[in-house]
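See below for the structure under consideration.
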Amino acid sequence: MMHEELLKACGLTQNESLVYLSLLRIGKATSSKIVKKANISGGKIYETLEKLIHKGLVKTIIENGVKNFMANKPEMLIEYIKDKEKDLHKKEDELKKILPQLKSLKEHNYKLENISLVNGFNGIKPLIYESLEKAQIIKIMGVTSGKDIKFNNFWRTWHRERVALKKKAKIIFSDRDTDYWRFFKKLKYTEVREILHLTPSAILIIDEEIFIFSYEEDLTCIHINFKSITKSFSEFFDDLWKVSV
């Protein structure tokens, strides 16, 4: 089972893995014998064998007019992976060439994506890091210390990157006198004030974008890219900033 999973991870299908391993064990065999040993559908055997032959992992032998199949030496798996790597590098180079066109397509439709719900670190992380790179204005309110440590660590990392880029931020905490709060109080390019129990959700404003975060088992975010809405949130933040301490 372990060998089969590894072969699948290397790019073989389940049937290809089963057939190849069976041929390694039994040596040369007819298709009918392989079907029995590999325990796969007879209707799939020739398609599977053809793919393995194409990958250089299996060869055919004709004996007394009967076609047999035999696995090539296992070292051919390394050659197969190397060929895949070369092909991937080639595709990577091709993608790099058309990346500007792909980006322009995305930018062309970006204004249509005014409000969206994004779930999980993997979806949210590229959004807020991309926004950080071009950020001129960063305002954050409703920040709390009591959420799961993985969320706090995520934001610590993001803000360290912000400081490294010399991007200034104003932050309104909903609590104070915690290790998390003290972390931000010591950061460069960071102003921290407090309004206790301000909001159950943290709100990040970057230029003309708004990110509203909910911290449950996973990170969830409402992403708003709508100039008039962002302006209202930004003005609301400014009013709160004046009365915060």
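FYI, it's all coordinate maths here, none of it is from the lab. Note that the structure is predicted; figures quoted are calculated from it, not measured. Cβ: placed from backbone, ideal geometry, glycine included. Neighbour counts: every protein chain shown.
Some notes on this structure:
- Computed about the Cα centre, the dipole magnitude for the chain is approximately 680 debye when only Lys and Arg (+1) and Asp and Glu (-1) carry charge, each at its Cβ.
- Separation in nanometres of the label points that stand 7 Å from Cα toward Cβ, at Lys84 and Glu161: 2.9
- J(HN,Hα) series, the stretch 158-165, from Karplus relation 6.51 cos²θ - 1.76 cosθ + 1.60, nearest Hz, glycine and proline x: 4, 6, 4, 5, 4, 5, 4, 8
- Nearest-20 debye value, the stretch 2-74 charge dipole, Cβ charges on Lys, Arg, Asp, Glu: 180
- Placing pseudo-labels 7 Å out from each Cα toward the beta carbon at Arg193 and Lys44 gives an inter-label distance of 6.5 nm.
- Modelled label positions at Thr13 and Arg25, each set 7 Å beyond Cα in the direction of Cβ, lie 2.1 nm from each other.
- For Cα extents along the principal axes in Å, calculated from these coordinates, the label among (i) 179, 53, 31; (ii) 48, 42, 36; (iii) 94, 39, 31: (iii)
- Helix-derived mean residue ellipticity, 222 nm - over the chain, DSSP H n ≥ 4, -39500 (n - 2.57), to 500: -16500 deg cm²/dmol
- Charge tally in the Cβ shell below 12 Å around Ala135, where Lys, Arg are +1 and Asp, Glu are -1, Ala135 excluded: 0
- If both residues of a DSSP beta bridge must be in the stretch 113-243, then about 70% of such bridges are antiparallel.
- Here the Karplus relation 6.51 cos²θ - 1.76 cosθ + 1.60, evaluated at θ = phi - 60°, turns the backbone of the stretch 219-229 into coupling constants of 7, 10, 9, 9, 9, 10, 10, 9, 4, 5, 5 Hz, with x for every Gly and Pro.
- Distance histogram in 5 Å bins (all Cα pairs of the stretch 2-74, percent per bin): 3, 18, 32, 28, 14, 3, 1, 0
- Between 0 and 90°, nearest 10: helix 121-133 axis offset from the chain longest Cα axis: 50
- Remark on Phe69: its backbone amide H falls under 5 Å from those of Ala29, Thr30, Ile61, a criterion applied only to residues 5 or more positions apart or on other chains, H modelled at 1.01 Å from N.
- Proximity of backbone amide H atoms, modeled 1.01 Å from N, is registered between Thr190 and Ala169 at under 5 Å, excluding neighbours fewer than 5 places apart on the same chain.
- Evaluating 6.51 cos²θ - 1.76 cosθ + 1.60 at θ = phi - 60° for every residue in the stretch 19-29, the Karplus couplings come out as 5, 4, 5, 5, 5, 4, 6, 9, x, 6, 7 Hz, glycine and proline recorded as x.
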